[in-house]
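Heads up: the structure comes next, in structure tokens.
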Amino acid sequence: MGILLKPIVTEKLTGETEKRNRYGFIVDRSANKIEIKNAVEQAYGVSVASVNTVNYHGKRKSRYTKAGILRGRMNHFKKAYVTLAGEDKIDFYANI
């Protein structure tokens, strides 16, 4: 699972899953839509109708400490929203 890093399980995406059969994943930043589609189909045994991707750039952060101001940024990452075809489902909690 080099392309799919982890699934996104939030309240908003749970609603999308129920309404539109859409799931979210954090994926490798260099992966394209075709690679993401193939990785989801292989990993979960489902058929994918479409893939939408979003690139997030890390926000700059700073905090004040006794040693002075510490500055940095959060990591960049890429999200993929995968819509499944037909009645296919993914159960993230099956292996727990």
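The values are calculated or read from the model by the stated rules, or taken from the named source; none is laboratory data. Please read all numbers here as calculations on a predicted model, not as lab measurements. Every residue, glycine among them, receives a Cβ derived from its backbone with ideal geometry; neighbour counts consider all protein chains shown.
Residue 46: among the β-branched types (Val, Ile, Thr), loosely packed, with under 11 Cβ neighbours inside 10 Å, under 24 Å from residue 14 (Cβ atoms) and without any contact (Cβ under 8 Å) to a residue 60 or more places away in the chain, yes or no? So residue 46 fails the test. Of the listed requirements (1) at pLDDT below 95; (2) part of a helix (DSSP H, G or I); (3) among the hydrophobic types (A, V, I, L, M, F, W, C), residue 96 misses just one: (2). When segment 21-57 is limited to residues that are among the polar types (S, T, N, Q) and assigned to a strand (DSSP E or B), the one that is nearest to the chain's Cα centre (by Cα) turns out to be 53. Scanning segment 1-49 for residues that are within 17 Å of residue 94 (Cα to Cα), among the β-branched types (Val, Ile, Thr) and in contact with a strand residue (DSSP E or B) (Cβ under 7 Å, 6 or more places away or on another chain) turns up 8, 17, 40, 46.
Of everything in segment 58-90 that is loosely packed, with under 13 Cβ neighbours inside 10 Å and within 20 Å of residue 3 (Cβ to Cβ), the residue that is nearest to the chain's Cα centre (by Cα) is 76.
Is it true that residue 70 is free of Cβ contacts under 8 Å to residues at least 12 places away in the same chain, among the aliphatic types (A, V, I, L, M) and either within 24 Å of residue 93 (Cβ to Cβ) or touching a Ser or Thr at 6+ places or on another chain (Cβ under 9 Å) (or both)?
Here the answer is yes, as residue 70 does meet what is asked.
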